[in-house]
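Please read the structure below before turning to the comments.
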Amino acid sequence: MIATLTLNPCIDRTVTVENFRYGETNRVTAVRSDICGKGINVSAALKNLGSETVCLGFSYKEDERRIKAFLNRLAIFHDFVEVEGSLRTNIKIFDSLTKTLTEINEKGIPVTEAAVSVIVEKTEKILDGISVLVLNGSVPPGVPEDIYRILIEKARKKGVFTVLDTSGSLLQEGIKGKPYVIKPNKEELEELFGKGFTDEKEIIAAAEQILAQGVTYVCISLGEKGAFLVSKEKALFAPALSLEVKGIQGAGDSLVAGMCMALEQRKDMETMLKYAVAAAGGSLLREGTQLCRKADFEELLKEVKIFSK
């Protein structure tokens, strides 16, 4: 069983335009709204791929029915802590011509210290029944920056694999807990180190510095260029698949879902990266924050190529 934690769920409102022009009038060609949050996305992708998953997190009272209805429709078991307020709304502007995404994300409504304590307790209780715990995304005001570190340390004591996918201070603090896998994109890695990386040697060297702190795997997603997976023994690279891209958001979460499947199945490092890239590719075939499907995953898996670096 794979558990995900979503502390800052949201509604993704995706607006598609052709040839987006900043500061000018743009005509919308399509619009959709999806219940999201990085952990929810990972659980949805896992369910689509045939893996059992449980979704934990905060559920805002005014929109609680929407979240539960969405997860029930997907037959995903969930155990949320109800808090006051409503879901934040994130605006995603997808340019269908250039295949680029502009994101305008709300911060989220504050939660209480008591609510944080309850979610930590719920997560700790579930550790005996899971093999992988996914900690990803932003947190709302009121959640301490070391929340992921605290949960990673608790999971490690239980022998549970942890996958951390976040940014900024949450990533910096989370690494101190020695997660099994972290998945920054190139920009998040550059933010972590406070400098830009111009070639793959610099990216791998940065990953090696993180590995030295007790992390087992570092996966760096490079968007349309592909992804690295680095361990102390070797560095692997998978080029991005050649696809007709219909949506970008959710691809990184599907990548995490693919890695989690491989971890749960005790697959090797090469297979972990193959699963990740195939799952991410499956999401790119879907509009909005729709996620990979099993049939697409299985077909794309045959096309993923792995190179040693």
Which one of these does ALA212 not meet: (1) modelled with pLDDT of 95 or more; (2) touching a strand residue (DSSP E or B) at 6+ places or on another chain (Cβ under 8 Å)?
(2)
Taking only the stretch 26-79 into account, find how many residues are touching a helix residue (DSSP H, G or I) at 6+ places or on another chain (Cβ under 6 Å), within 19 Å of PHE297 (Cα to Cα) and either of a type in the set (A, V, I, L, M) or part of a strand (DSSP E or B) (or both).
6
What pairs come out if I take residues in the stretch 23-34 that are under 7 Å from ARG13 (Cα atoms) and pair them with residues that are among the charged types (D, E, K, R) and open to solvent by less than 80 Å² (accessible area, probe 1.4 Å) whose C-beta lies under 6 Å away, six or more apart or interchain?
ASP34/ASP12
Report whether or not PHE228 is under 28 Å from GLU145 (Cα atoms), in a loop (DSSP other than H, G, I, E, B) and aromatic (Phe, Trp, Tyr).
no
Scanning the stretch 23-55 residue by residue, the ones that are modelled with pLDDT under 90 and surrounded by fewer than 18 Cβ atoms within 10 Å (Cβ to Cβ) total 2
If you check SER86 against the conditions, is it part of a loop (DSSP other than H, G, I, E, B) and not charged (D, E, K, R)?
yes
Do we find a residue being buried (at least 16 other Cβ atoms within 10 Å of the Cβ), in a helix (DSSP H, G or I) and hydroxyl-bearing (Ser, Thr, Tyr) anywhere in the stretch 138-154?
yes
Residues satisfying the stated conditions in the stretch 69-101, i.e. within 25 Å of VAL54 (Cα to Cα), touching a residue at least 12 places away in the same chain (Cβ under 8 Å) and open to solvent by 60 Å² or more (accessible area, probe 1.4 Å)
ALA75, PHE77, GLU82, GLU84
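Per-residue answers, yes or no, for (1) under 20 Å from CYS292 (Cβ atoms); (2) open to solvent by 40 Å² or more (accessible area, probe 1.4 Å):
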position	(1), (2)
LEU170	no, no
LYS178	no, yes
LEU192	no, yes
GLY196	no, yes
ASP199	no, yes
GLU202	no, yes
THR216	no, yes
GLY226	yes, no
Within the stretch 226-237, does at least one residue satisfy the condition of being among the small types (Gly, Ala, Ser), over 29 Å from LEU285 (Cβ atoms) and touching a Leu at 6+ places or on another chain (Cβ under 6 Å)?
no
Filtered residues of the stretch 102-132 (kept if hydroxyl-bearing (Ser, Thr, Tyr) and either in a strand (DSSP E or B) or touching a residue at least 12 places away in the same chain (Cβ under 8 Å) (or both))
THR102, THR112, THR123, SER131
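How many residues does the stretch 204-214 hold that are open to solvent by 70 Å² or more (accessible area, probe 1.4 Å) and over 14 Å from LEU236 (Cα atoms)?
3
The values are calculated or read from the model by the stated rules, or taken from the named source; none is laboratory data. Keep in mind that what you see is a predicted model, and the values were worked out from it rather than measured. Because the Cβ atoms are built from the backbone with ideal geometry, glycine has one as well, and the counts that use them run over all protein chains shown. Protein only, heavy atoms only, side chains kept; ligands, DNA and RNA dropped before computing areas. Shrake-Rupley method; radii C 1.70, N 1.55, O 1.52, S 1.80 Å.
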